[in-house]
Amino acid sequence: MTLPLEAAGQDRSSAAAHLHHQIQGFYARQMRLLDGGEIEAWAETFTPQGVFAANAHPEPVAGRDAIVRAARAARDALDAEGVRRRHWIGMIDIHPVTDDRLLVRSYAMVLEIPRGGPVTVHTHTTCDDTLVHEDGQWRVEHRQVLREDLATEAER
């Protein structure tokens, strides 16, 4: 299997570095959209049939429209409480499956900022994404988030 751009004459390490840079940029853009309340634009970073699953939620959310509704409800609840959240993604580990499909594992720290209060760590999660490259950009096909404070020993 070749990495994206490897066929364009780059060696394997250059192609891997370029891919890592692309994926870091994807997550930075994606989380800024969510944290900035641009819910519809954030949902566009998922495929139309994308899935958001989390051990903090009773059922996975499937499809872009459902993802918008769930994210909007969460954002409205936080706004009513006067709380902002910021997501910090790190320790990105990329596993190419094909030229246009990646498995990406990362850690996500969720910070909570109450109006007039101190910044606190709300939670820490692991995030396993399947990303697909379509229409010239990366999109989440499936996301599995595990809040570590809720994870079972088998999930860790």
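With respect to residue 63, is the statement that it is under 20 Å from residue 132 (Cβ atoms), of a type outside the set (A, V, I, L, M, F, W, C) and crowded, with 18+ Cβ neighbours inside 10 Å true? Criteria not met by residue 63. Scoring residue 54 on the criteria (1) in contact (Cβ under 8 Å) with a residue 24 or more places away in the chain; (2) within 17 Å of residue 111 (Cβ to Cβ); (3) among the small types (Gly, Ala, Ser); (4) in contact with a strand residue (DSSP E or B) (Cβ under 6 Å, 6 or more places away or on another chain) leaves a single failure, condition (2). The residues of the stretch 21-49 that are touching a residue at least 24 places away in the same chain (Cβ under 8 Å), more than 25 Å from residue 149 (Cα to Cα) and open to solvent by less than 50 Å² (accessible area, probe 1.4 Å), listed by number, are 23, 26, 37, 39, 42, 43, 45, 46, 47. Quick check: anything in the stretch 101-120 surrounded by fewer than 16 Cβ atoms within 10 Å (Cβ to Cβ), under 17 Å from residue 43 (Cα atoms) and either touching a residue at least 24 places away in the same chain (Cβ under 8 Å) or not basic (Lys, Arg) (or both)? No, the conditions are met nowhere in the stretch 101-120.
With respect to the conditions (1) over 15 Å from the mean Cα position of the chain (by Cα); (2) under 19 Å from residue 135 (Cβ atoms); (3) among the β-branched types (Val, Ile, Thr), residue 23 lacks only one, and its number is (1).
The single condition among (1) open to solvent by less than 60 Å² (accessible area, probe 1.4 Å); (2) free of Cβ contacts under 8 Å to residues at least 12 places away in the same chain; (3) in contact with a strand residue (DSSP E or B) (Cβ under 6 Å, 6 or more places away or on another chain) that residue 87 does not meet is (2).
The values are calculated or read from the model by the stated rules, or taken from the named source; none is laboratory data. This is a predicted model, so every value here is computed, not measured. Every residue, glycine as well, gets a Cβ built from its backbone with ideal geometry; the counts of neighbours run over all protein chains shown. To get the accessible areas, we keep the full protein, side chains included, count just its heavy atoms, and leave off ligands, DNA and RNA. Shrake-Rupley method; radii C 1.70, N 1.55, O 1.52, S 1.80 Å.
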